Amino acid sequence: MKKLKIIVVMPAYNAEKTLKKTYRDIPKGLVDEIILVDDGSKDKTVALAKKLGITVFEHPNNLGYGGNQKTCYWEALQRNPNVVVMLHPDYQYDSSLIGELVRPIIQGRFDYMFGSRVRTRREALEGGMPAIKYFVNRIYSLIANLVMGVNFTEHMSGLRAYSAKALKKVPFQRFSNDFVFDQQFTVSAIVKGLKIAEIPIPVRYYEDSSSIQFWRGAKFMLGSFWTLFLFVLSKFNIYTSKIFK
């Protein structure tokens with residue numbers, strides 16, 4: 001691959017137990033800089049990240065998952081990258097596959113890539129994905145694919161890569177500070193005409209990995225379906241949300 005500037009960003013919250021394993025698997029020599037934005041962790045995430053040589057930014061208060069990503073991308077763009085990879089530091093996503101993830105962006109074939117954990121039901125469940133999460137993931141993906149005219153096997157991945165063009169074109173600073181941020185980004189990217197694709201990645205859930213709680217998960221799903229509704233309104237020129245402008 002042609003050597004371009006690649007930056008990895010990690011939106012972190014209480015990731016002390018899994019950060020080192022996630023960091024260790026990132027391909028050496030491929031990434032120019034790793035940035036971790038800590039969203040008010042109560043553990044030693046910041047101290048560990050600094051010990052590992054990761055560039056760290058700290059939020060004095062917890063802004064939420066989306067608010068964390070906003071800082072991640074803002075700081076990354078200050079460094080004039082060609083590609084920015086968003087990686088959850090909870091070790092659920094195989095960071096050794098970053099090279100495969102960014103290749104289509106470097107080659108100019110796609111603007112936005114993500115890793116999909118859902119190839120078969122058996123593989124997902126045997127990899128430790130809770131059954132309720134698997135079925136919610138599948139139901140949302142089916143509806144989102146039909147609404148937006150795409151065919152992704154997953155819409156909820158924590159391993160994503162963006163071209164600088166994508167981050168500059170999508171108005172991510174207008175998105176929610178909560179978990180629905182990723183869905184807003186994808187829908188907005190489709191509205192903007194960006195080219196999106198996925199690669200398969202292993203499914204792995206560990207005891208130390210992060211997990212969204214029930215009520216926050218319910219709020220996340222309602223927000224995701226609301227974003228799809230806004231997409232429909234925009235498609236038929238009824239109303240255009242600020243997240244698409």
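Can you tell me how many residues in the stretch 143-158 are assigned to a loop (DSSP other than H, G, I, E, B) and more than 17 Å from the chain's Cα centre (by Cα)? So that I can check it myself, show each step before the final result.
Start the filter on the stretch 143-158 by keeping residues that are assigned to a loop (DSSP other than H, G, I, E, B), which leaves 149-158.
Filter once more, keeping what is more than 17 Å from the chain's Cα centre (by Cα): 149-151.
Residues flagged as assigned to a loop (DSSP other than H, G, I, E, B) and more than 17 Å from the chain's Cα centre (by Cα) within the stretch 143-158 amount to 3.
Note down all Cβ pairs under 7 Å where the first residue falls in the stretch 71-89 and is among the aliphatic types (A, V, I, L, M), the second is surrounded by 17 or more Cβ atoms within 10 Å (Cβ to Cβ) and part of a loop (DSSP other than H, G, I, E, B), and they're at least six residues apart or on different chains.
Leu87/Tyr93
Within the stretch 22-65, how many residues turn out to be of a type in the set (Phe, Trp, Tyr) and touching a Ser or Thr at 6+ places or on another chain (Cβ under 7 Å)?
So the answer is 1.
Go through the stretch 110-142 residue by residue and tally those that are of a type in the set (S, T, N, Q), more than 21 Å from Leu228 (Cα to Cα) and within 19 Å of the chain's Cα centre (by Cα).
0
Which of the residues belonging to the stretch 3-23 are out of contact with any Pro (no Cβ under 6 Å at 6 or more places or on another chain) and either aromatic (Phe, Trp, Tyr) or under 16 Å from Glu33 (Cβ atoms) (or both)?
Passing the criteria: Lys3, Leu4, Ile6, Val8, Val9, Pro11, Tyr13, Tyr23.
Pull up the stretch 91-104, narrow it to residues that are in contact with an Asp or Glu (Cβ under 8 Å, 6 or more places away or on another chain) and not small (Gly, Ala, Ser), then point me to the one that is surrounded by the fewest Cβ atoms within 10 Å (Cβ to Cβ).
Asp94
Taking the condition in a loop (DSSP other than H, G, I, E, B), surrounded by fewer than 23 Cβ atoms within 10 Å (Cβ to Cβ) and modelled with pLDDT under 95, does Arg79 pass?
no
Please state which one of Gln107, Gln92 is more than 19 Å from the chain's Cα centre (by Cα) and touching a residue at least 60 places away in the same chain (Cβ under 8 Å).
Gln107
Only one of Gly128, Gly149 is in contact with a Phe, Trp or Tyr (Cβ under 7 Å, 6 or more places away or on another chain) and either under 29 Å from Asn80 (Cα atoms) or surrounded by fewer than 19 Cβ atoms within 10 Å (Cβ to Cβ) (or both); which?
Residue meeting the stated conditions: Gly128.
Look at Val102 and say whether it is in contact with a strand residue (DSSP E or B) (Cβ under 6 Å, 6 or more places away or on another chain) and not in a helix (DSSP H, G or I).
The answer is no for Val102.
Identify, from the list Ala161, Ala189, the residue that is under 30 Å from Glu75 (Cβ atoms) and assigned to a helix (DSSP H, G or I).
Ala189
Within the stretch 197-205, identify whether any single residue is in a helix (DSSP H, G or I) and either under 24 Å from Asn14 (Cα atoms) or in contact (Cβ under 8 Å) with a residue 12 or more places away in the chain (or both), and answer yes or no.
Applying the first criterion (in a helix (DSSP H, G or I)) to the stretch 197-205 yields none.
Scanning the stretch 197-205 turns up no residue that is in a helix (DSSP H, G or I) and either under 24 Å from Asn14 (Cα atoms) or in contact (Cβ under 8 Å) with a residue 12 or more places away in the chain (or both).
Of all residues being touching a helix residue (DSSP H, G or I) at 6+ places or on another chain (Cβ under 7 Å), in a loop (DSSP other than H, G, I, E, B) and among the hydrophobic types (A, V, I, L, M, F, W, C) in the stretch 105-136, which is modelled with the lowest pLDDT? Just the residue, please.
Only one residue tops the list, namely Val118.
Under 8 Å between Cβ atoms, which residue pairs at least 6 apart in sequence (or on different chains) link something in the stretch 215-243 that is more than 16 Å from Arg174 (Cβ to Cβ) and modelled with pLDDT under 95 with a partner that is charged (D, E, K, R) and assigned to a helix (DSSP H, G or I)?
none
Pairs, please: C-beta under 7 Å, at least 6 apart or cross-chain, first residue closer than 18 Å to Gln184 by Cβ and in the stretch 158-170, second crowded, with 22+ Cβ neighbours inside 10 Å and among the polar types (S, T, N, Q)?
Listed pairs, sorted by first residue: Gly158/Gln92; Val170/Ser188.
The values are calculated or read from the model by the stated rules, or taken from the named source; none is laboratory data. Here the structure is a predicted model, which is why all the values come from computation and not from measurement. Neighbour counts run over all protein chains shown; Cβ positions are idealised from the backbone, glycine included.
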